[in-house]
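The values are calculated or read from the model by the stated rules, or taken from the named source; none is laboratory data. Keep in mind that this is a model prediction, so the values were computed, not measured. Note that each Cβ is placed from the backbone with ideal geometry, even for glycine, and that neighbours are counted across all protein chains shown.
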Amino acid sequence: MAKKKNKSTKKIRTFFITLGLVVLVGGGFKIFQLYRQVEETNINLDGKKEVYIYIPTGSDYKDVTNILYANNYIINRASFEWVAEKKGYAGLVKPGKYKLKDGMSNNQLINLLRSGKQVPVKLVFNKIRTKDRFAGIISNQIEADSLELLKLLNNESFLSDYGLNRETALCLFIPNTYELYWNTDAKAFVKRMDKEFENFWNKTRLEKANSMGLSREEVITMASIVEEETVKNDEKPRVAGVYYNRIKKGMRLQADPTVRFAVGDFEIKRILTKHLSIDSPYNTYRKAGLPPGPICIPTISSIDAVLNYEKHSYLYFCAKDDFSGYHAFAKTLQQHNVNAEKYRKALNKNRIYR
């Protein structure tokens, strides 16, 4: 009897040990499966080491999955969605530009997107002639809408907060390379540029502008004319000196680039009599002093050329007849007319009539 009882007890013990092992192995397998879903590689960039995705402002979880799936970045969609659900990503979607690395796990990807740790954009702009062109260039680099930015640049009430108006609006933007987040909107962009503008106008630059009797906006307006007159940086201070001399003497600037701006045709190579008669505050052949605002966004080299203008007695200049890009300068109208005639003959010889 005792032997039968011991045998029965041994069977029960074996059963429970076996059951325990099954449960343990099954649980371990389940844990292993969960680990795989969370930590194993689930990003495939088709041979690339990294790519960038852009999540627009207002996007929801479905929009993000559409972006990822449309580019086939996710290997196992089910595991990605499981991890996203467990980590509550649907309620934590943040817009911006994000860098995906090949071999990332679901956990790494969700943590990145939830954190909002986006990659800054290097926004670049140089000389630009018009507001609409400027707005388009900016909107191609960040999320700011071009139409919204253009509206702000024509909104007198908004611009007055920055001490500007519709004519001087472009004075705020100093050509350079700036780091900012892709999801920056139009107002935030202008605010950031105002900060950069104030940093640009340091004590040294302000003192030079004040010594010339010019405001910052007037310096930039003159610089925009210099920018359009010559592509030669070494000549810019001399050109700036001519315009400054004319302003001090009360002479009209008679700057051809301002006429092109007034006409609205920047491809004109030859200013004709019909162009000079246009009635516009930007026609410096008819209007005295500087125009009401810049005719382009000038580069830093042109702004500094004005602030460090060459001190000389020249009052006139025209393009050299060798088409080198440089100019012939003159102190008298008589000498200027000689230089101008040489250039006209060169234009005619090369059949440039417009």
For this session: Might you let me know whether the range 143-155 holds any residue that is surrounded by 14 or more Cβ atoms within 10 Å (Cβ to Cβ) and closer than 17 Å to Leu307 by Cβ?
Result: no
For this session: Tell me which of these Gln334 doesn't satisfy, since it passes every other one: (1) farther than 19 Å from Asp256 by Cβ; (2) in contact (Cβ under 8 Å) with a residue 12 or more places away in the chain.
Result: (2)
Exercise. Since Ser313 meets every condition but one in (1) of a type in the set (Gly, Ala, Ser); (2) touching a residue at least 40 places away in the same chain (Cβ under 8 Å); (3) surrounded by 15 or more Cβ atoms within 10 Å (Cβ to Cβ), which condition does it not meet?
Worked result: (3)
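Just the residues that are without any contact (Cβ under 8 Å) to a residue 60 or more places away in the chain and within 23 Å of the chain's Cα centre (by Cα), please, taken from the range 42-54. Break it down into steps so the answer makes sense when it comes.
So the first thing to find is which residues in the range 42-54 are without any contact (Cβ under 8 Å) to a residue 60 or more places away in the chain, and the list is 44-51, 53.
Scanning the range 42-54 gives Glu50, Val51, Ile53.
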Problem set entry | Filtered residues of the range 200-211 (kept if farther than 19 Å from Thr168 by Cα and more than 24 Å from the chain's Cα centre (by Cα)) | Lys203, Thr204, Glu207, Lys208, Ser211
Seminar exercise, completed: Checked against (1) closer than 26 Å to Ile303 by Cα; (2) part of a loop (DSSP other than H, G, I, E, B); (3) of a type outside the set (Asp, Glu), Lys187 satisfies every condition except (2)
Exercise. What number goes with the only condition from (1) in contact with a strand residue (DSSP E or B) (Cβ under 9 Å, 6 or more places away or on another chain); (2) outside the structural domain of Gln141 (by TED's automatic domain parsing) that Tyr243 does not pass?
Worked result: (1)
Exercise. Do any residues in the range 194-209 that are free of Cβ contacts under 8 Å to residues at least 60 places away in the same chain and of a type in the set (D, E, K, R) have Cβ atoms under 9 Å from those of residues that are outside any helix (DSSP H, G or I) and surrounded by 13 or more Cβ atoms within 10 Å (Cβ to Cβ), where the two are at least six apart or on different chains, and which pairs are they?
Worked result: Asp194/Tyr162; Glu196/Phe173; Glu196/Ile174; Glu196/Asn176; Glu196/Tyr178
Exercise. Would a scan of the range 277-292 turn up a residue that is hydroxyl-bearing (Ser, Thr, Tyr), surrounded by 14 or more Cβ atoms within 10 Å (Cβ to Cβ) and under 28 Å from the mean Cα position of the chain (by Cα)?
Worked result: yes
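For the range 248-354, which helices (runs of 4 or more DSSP H) that fit wholly inside it have 2 or more residues that are modelled with pLDDT of 85 or more? Steps first, please.
Values: elements: 256-263, 273-276, 300-307, 333-349.
Because the criterion is at least 2 residues that are modelled with pLDDT of 85 or more, the helices (runs of 4 or more DSSP H) in the range 248-354 that meet it are 256-263, 300-307, 333-349.
This table checks each residue for (1) in a helix (DSSP H, G or I); (2) over 18 Å from Leu150 (Cα atoms); (3) out of contact with any Lys or Arg (no Cβ under 8 Å at 6 or more places or on another chain).
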position	(1), (2), (3)
Glu179	no, yes, no
Asn183	no, no, no
Lys191	yes, no, yes
Lys195	yes, yes, yes
Glu198	yes, yes, yes
Thr204	yes, yes, yes
Asn210	yes, yes, yes
Leu214	no, yes, yes
Glu218	yes, yes, yes
